[in-house]
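Report on the structure given below.
The values are calculated or read from the model by the stated rules, or taken from the named source; none is laboratory data. On a predicted model such as this, the values are computed, not experimentally measured, just so you know. Glycine also receives a Cβ, built like all others from the backbone with ideal geometry; neighbour counts cover every protein chain displayed.
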Amino acid sequence: MSLEQCRRLGVASSLSERPIFGGREYCLPLLTGEATPSDTRAVPFRGRAVTLVVVGVFAWAASAAFAHPTSGPKTIKGLCFLLDVKGSVIHFSAADGTKLVGATAGTGATGVLIANTWGDFNLDQICDWVGAPRSQLVNGLIAGGMRILLFDYRRVGFSQKRPGAWGQDLLAAAAELRRLGARRIVILSESTGALVTFSVASQLGPSVKGLVSLNPSGYPTATATNAHTGGPVDGMEAIKTFKLPLLFLVMRGDTFDYPPTKMLYDAATVKDKQLIVFSGRSTGNTNDIFTDPSRLTRILDATLTFIRKHAT
């Protein structure tokens, strides 16, 4: 069962997109004591019942580790228990003082800032990008000479549970990436991450050279988001004033993301824009675009080509 199918069941307003083990996917309630929009979540869940214990223990350990802003693991391996990407855990703050947790890997003067999609408030999104298959894209960018920064928005995963606009967090992450040595930055967004980027486009500064977006779309509606919650972001209006080069990547058979991606692309007024449509099918699970090795290679090649054109 896909993320979107869980959403349509009306079980919860915020869900996890993270496949943990192989197998069938289910919508299961996850009870939490966090101050999040709802106390009951439906998690599109793959695998055996024992994974519930793993998730529970991991969430408890993560929250305990980050009880203080600069405590906890220092490496991606220590944070995520994954060896696929080598890098360091970082801590920085948004303009309103919200404490954010991120991870950085790679070196060089060109930075890639990953702007995540909507996800479950209780599960981090940093670790989504450092395990297979997404780690292949991250490692390919690192091998291409890029400095990567991943982060959790406020109220998500390891970052501070505090309300406010996710756009503030994206701006803070861009500033942190510059502080680490990136002189030129390309944002790599996924799904609603594109709309978060549009919402703060006028504040990004000259170091940000373009946006590569996988499956750009909105939530809870196709092209809008509350992200979360600095007020609604209407993607169709925001993209009309977005002046940076754009590269959109999507699967034609993605019944959830292809229609809004095409709508947003058509609405974009910037001349330097490109839409690459891959074969493949999906019903709302954002991991699906990464699952085919040849398609993943093409995504990496297209992303590197875009970065080298605009940011090197």
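The table for this structure:
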{"item": "Asp84 being outside any helix (DSSP H, G or I), among the acidic types (Asp, Glu) and modelled with pLDDT of 90 or more", "result": "yes"}
{"item": "Tally of residues being buried (at least 22 other Cβ atoms within 10 Å of the Cβ) and closer than 16 Å to Ala175 by Cβ across segment 78-97", "result": "1"}
{"item": "Filtered residues of segment 267-312 (kept if surrounded by 18 or more Cβ atoms within 10 Å (Cβ to Cβ), touching a Gly at 6+ places or on another chain (Cβ under 8 Å) and small (Gly, Ala, Ser))", "result": "Ser282, Ala311"}
{"item": "Answer from Val233, Val186, Val212 - the residue that is in contact with a strand residue (DSSP E or B) (Cβ under 8 Å, 6 or more places away or on another chain), crowded, with 16+ Cβ neighbours inside 10 Å and modelled with pLDDT under 95", "result": "Val233"}
{"item": "Hits in segment 167-183 - residues which are among the small types (Gly, Ala, Ser), over 16 Å from Ala105 (Cα atoms) and crowded, with 23+ Cβ neighbours inside 10 Å", "result": "Gly167"}
{"item": "Hits in segment 239-266 - residues which are part of a strand (DSSP E or B), surrounded by 17 or more Cβ atoms within 10 Å (Cβ to Cβ) and not acidic (Asp, Glu)", "result": "Leu246, Leu247, Phe248, Leu249, Val250, Met251"}
{"item": "Filtered residue count, segment 142-166, keeping only those that are among the small types (Gly, Ala, Ser), surrounded by fewer than 24 Cβ atoms within 10 Å (Cβ to Cβ), touching a residue at least 12 places away in the same chain (Cβ under 8 Å) and at negative phi", "result": "2"}
{"item": "Index of the failed condition, Ser202 passing every other in (1) under 17 Å from Ile90 (Cα atoms); (2) assigned to a helix (DSSP H, G or I); (3) modelled with pLDDT under 95; (4) not acidic (Asp, Glu)", "result": "(1)"}
{"item": "Residue in segment 153-166 that is at pLDDT 95 or above, in contact with a strand residue (DSSP E or B) (Cβ under 9 Å, 6 or more places away or on another chain) and not in a loop (DSSP other than H, G, I, E, B) present", "result": "no"}
{"item": "Residue within segment 206-216 that is part of a strand (DSSP E or B), among the charged types (D, E, K, R) and over 15 Å from the mean Cα position of the chain (by Cα) present", "result": "yes"}
